[in-house]
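Engineer: Before I ask anything, here is the structure I am working with.
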Amino acid sequence: MRVARVVPHSFRNLADAAIDLGPGLTVLHGPNGAGKTNVLEALFFALTGRSCRTRREREMIAFGGELARVEALLEPDDGEHADPIAMLASISSGEARRRLVDGSPAQPSDDHRRPAISIFMPDRLALVKGPPSPRRAHLDRLAGALWPARAELPREYSRALAQRNNLLARVKRGGSPESLGAWDRELAERAVPLTEARAAAATELAEPYARAGEELGLAGGAEIAYRPRTAELDADGIVAELAERREGDVARGFTGFGPHRDEVELSFGGRSLRRYGSQGQQRLGLLALLFAEREALRAARRQLPLLLLDDVMSELDPERRSRLVAMLEDGGQALITATEIDHVPSRDAAALAIAAGVASPTGAGG
């Protein structure tokens, strides 16, 4: 499926008018503050029911308004046999968010009907330079997209972890530790397939991540490495390790060992991007990760993700800009923002000029 139309209503500064999108690359160009990023956020909101920019989501409501709403119309790609889908998300000043799919309340399964979304924004750099948890979750989502039968593994592990942590907290308050052995086993049985899925996903990413990093300018070699805390332990080994650490876990009141402490490290030239990378290198690392995921999905014959790229050209030289455009035009749907249309050197891309929240079709890039 691809997004054919986005219709915002009272969403930030965007006009209440339909924005039609083509199947390939679309360039949103205009001055700073015109509303380019708002278009990306509106599309993300319509498809997921949440913002990609802020946790204070009522900020999305236009000044003086009471409710923001965005509808996205999805149409099948060429050769795809599927019916169009209408996805709508809204948020009001006095009520919770609401999501509808074809007029009915959204269900978790509906997220499998829309394309996955890969998004680059400057504030998304936390994925590279922040703590490990977002990187773990990111790798888990990719594993679920590559192998749908593995999609529930993170939730299954999280449920077992929550149960063990609740029991540890009760033991710390004086409760009985008798059930801890059973939950050690349960956690271990859930940990093994989760770490196997993460390791497999990281392996699928390794080669395309190195290629994308080289194309985008990460000199010295870009690498991605999954570093599990459980190393090569099987379920019995994890149970033994949990038993050995039990006294410390009870004292803390939570589990200190397991896949919830794993690291996913992005590096270049043998140096961690998180610790030693410059802002520009971290931006390139995030871009390379998004393109690597797309190539992994292509190799697995999965639907390519929708790419939403905000302000990616500002730190690239003309050669790297051309390479990035070539990567974007290699299949799939993508939206990219730029202050100047010439910053996106493409003759085939559709272009929309954004001015004061209004989108108007223009010529393609140069």
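Engineer: Being touching a His at 6+ places or on another chain (Cβ under 8 Å) and either of a type outside the set (S, T, N, Q) or not assigned by TED's automatic domain parsing to the domain that holds THR37 (or both) narrows it down to one of ARG274, ARG302, ARG321, so name that one.
Structural biologist: ARG321 is the lone residue from the list that is touching a His at 6+ places or on another chain (Cβ under 8 Å) and either of a type outside the set (S, T, N, Q) or not assigned by TED's automatic domain parsing to the domain that holds THR37 (or both).
Engineer: Answer yes if at least one residue in region 194-206 is of a type outside the set (A, V, I, L, M), under 19 Å from the mean Cα position of the chain (by Cα) and within 23 Å of ILE119 (Cβ to Cβ), and no otherwise.
Structural biologist: Within region 194-206, one or more residues are of a type outside the set (A, V, I, L, M), under 19 Å from the mean Cα position of the chain (by Cα) and within 23 Å of ILE119 (Cβ to Cβ).
Engineer: Can you tell me which condition VAL70 does not meet? The list is (1) surrounded by fewer than 24 Cβ atoms within 10 Å (Cβ to Cβ); (2) of a type outside the set (Ser, Thr, Tyr); (3) touching a His at 6+ places or on another chain (Cβ under 8 Å), and all the others hold.
Structural biologist: Checking VAL70 against (1) surrounded by fewer than 24 Cβ atoms within 10 Å (Cβ to Cβ); (2) of a type outside the set (Ser, Thr, Tyr); (3) touching a His at 6+ places or on another chain (Cβ under 8 Å), the one that fails is (1).
Engineer: Which condition number does ASP262 fail, the rest of (1) surrounded by fewer than 19 Cβ atoms within 10 Å (Cβ to Cβ); (2) within 30 Å of ALA169 (Cβ to Cβ) being met?
Structural biologist: All conditions are met except number (1).
Engineer: Go over the candidates THR195, THR203 one by one and state the one that is of a type in the set (Val, Ile, Thr), surrounded by 18 or more Cβ atoms within 10 Å (Cβ to Cβ) and either closer than 17 Å to ALA143 by Cβ or in contact with an Asp or Glu (Cβ under 6 Å, 6 or more places away or on another chain) (or both).
Structural biologist: Going through THR195, THR203 in turn, just one is of a type in the set (Val, Ile, Thr), surrounded by 18 or more Cβ atoms within 10 Å (Cβ to Cβ) and either closer than 17 Å to ALA143 by Cβ or in contact with an Asp or Glu (Cβ under 6 Å, 6 or more places away or on another chain) (or both): THR195.
The values are calculated or read from the model by the stated rules, or taken from the named source; none is laboratory data. Since we're looking at a predicted model, the values are computed, not measured. Positions of Cβ are generated from backbone atoms using ideal geometry, with glycine treated the same way; all protein chains shown enter the neighbour counts.
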